[in-house]
Structure formats: structure tokens, C-alpha cells
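Undergrad: Below are the C-alpha cells for one structure; questions will follow.
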Amino acid sequence: MGEGPGIIISEDEVIIALLMERQLLRLGCRVLAKVRSGEAVLAALEKERPDLLILDIRLGGALSGIEVARKVRELSPVPIAFMTAYGSDEVRNEALSLGPIAFLEKPISEDDLAELVARVGDQAARPPGRAEGRRSPEPR
């Protein structure tokens, strides 16, 4: 396992979650959990303190990724990156209103993940009180 950022992946498609895990491990990250539902994301956050939460917008279970992000924001400042294969303007705008570090459209490449991991490292390296204001991530 790497010594890089600890990441929770929420993705209801097992093959995609396994591929992302493999790519993140190659990038030196620690995959703390792979979960398939919004409820499982919240349970994982009770056990783990990730440096990044990658949330699929469409998850198994009763909660969408956006609903999970709202609940997470009440509990933790963990950076959130949304991913989706269904990037309508309405969904994108709703997701961006929650201040994610990124909004990624599938398929997600290893280069996309490397850029995301670099952003997490940049945030962690900022001195206290020097965090950037909320801004929309660059469109993908």
C-alpha cells in the first residue's frame, strides 16, 4: 500500500471500482474502502478519515451521491470529487453547489485520477488560514 492520500471510492459498478482502485494504488494512494451505496459511504466515514472521497452521483441504495455529500458536509470537511456518466447541467450544477474539489465525467482515466490526487496534495500543503475560497472545479 502507498503512503499517499487515503481515499474512499463509492461506485456501484464493481469493475469500475476495482479499476479505479488499481489506478489509485499505482499512483501511491491508499484505498481505505470501496463501497457501493450511499449508506455504506456514511458507515465507512465512521471508521475511516479519508483525505478524499470519490462519490459516484448514481449509487446503489436509497441515497444518491449528492444526498450523501450533503450529509458528509455536516460531519466532515473531507474533499469530495463527484463522478458520473450522466452529466446533465442540472445534476452538474447541483453537485457543484456543494463545493467539490472536482466533477469528473466517466470514463475516468488514470491521468484524471493523477490530477485529482495532485489537487488533494495541494490542499493538504496549504498553511492554515490560506485555503482557497470555494470555486468551481475546472470543467471536464
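Undergrad: Tell me which of these Gly87 doesn't satisfy, since it passes every other one: (1) out of contact with any helix residue (DSSP H, G or I) (no Cβ under 7 Å at 6 or more places or on another chain); (2) touching a residue at least 24 places away in the same chain (Cβ under 8 Å).
TA: For Gly87, the failing item is (2).
Undergrad: Moving to a separate point now. Kindly indicate whether Glu110 is surrounded by fewer than 18 Cβ atoms within 10 Å (Cβ to Cβ), more than 18 Å from Ile8 (Cα to Cα) and more than 14 Å from the chain's Cα centre (by Cα). Reasoning before the result, please.
TA: Details: surrounded by fewer than 18 Cβ atoms within 10 Å (Cβ to Cβ): yes; more than 18 Å from Ile8 (Cα to Cα): no; more than 14 Å from the chain's Cα centre (by Cα): yes.
Here the answer is no, as Glu110 does not meet what is asked.
Undergrad: Any residue in the stretch 26-42 that is acidic (Asp, Glu) and either in contact with a helix residue (DSSP H, G or I) (Cβ under 8 Å, 6 or more places away or on another chain) or without any contact (Cβ under 8 Å) to a residue 24 or more places away in the chain (or both)?
TA: Taking the stretch 26-42 first, the residues acidic (Asp, Glu) are 39.
Retained after the next criterion (residues that are either in contact with a helix residue (DSSP H, G or I) (Cβ under 8 Å, 6 or more places away or on another chain) or without any contact (Cβ under 8 Å) to a residue 24 or more places away in the chain (or both)): none.
Checked the stretch 26-42: no residue is acidic (Asp, Glu) and either in contact with a helix residue (DSSP H, G or I) (Cβ under 8 Å, 6 or more places away or on another chain) or without any contact (Cβ under 8 Å) to a residue 24 or more places away in the chain (or both).
Undergrad: Taking only the stretch 1-56 into account, find how many residues are over 20 Å from Glu115 (Cα atoms) and touching a Phe, Trp or Tyr at 6+ places or on another chain (Cβ under 9 Å).
TA: Within the stretch 1-56, residues that are over 20 Å from Glu115 (Cα atoms) and touching a Phe, Trp or Tyr at 6+ places or on another chain (Cβ under 9 Å) number 0.
Undergrad: A follow-up question, please. For Val68, state whether it is of a type in the set (A, V, I, L, M) and buried (at least 20 other Cβ atoms within 10 Å of the Cβ). Break it down stepwise before answering.
TA: Details: of a type in the set (A, V, I, L, M): yes; buried (at least 20 other Cβ atoms within 10 Å of the Cβ): yes.
When the stated conditions are applied, Val68 passes them.
Undergrad: Could you count how many residues in the stretch 78-100 are part of a loop (DSSP other than H, G, I, E, B), touching a Leu at 6+ places or on another chain (Cβ under 8 Å) and aliphatic (A, V, I, L, M)?
TA: Number of matching residues: 1.
None of the figures in this text is laboratory data; all of them are computed from the coordinates on show. All of these numbers come straight from a predicted model, not from anything done at the bench. Neighbour counts run over all protein chains shown; Cβ positions are idealised from the backbone, glycine included.
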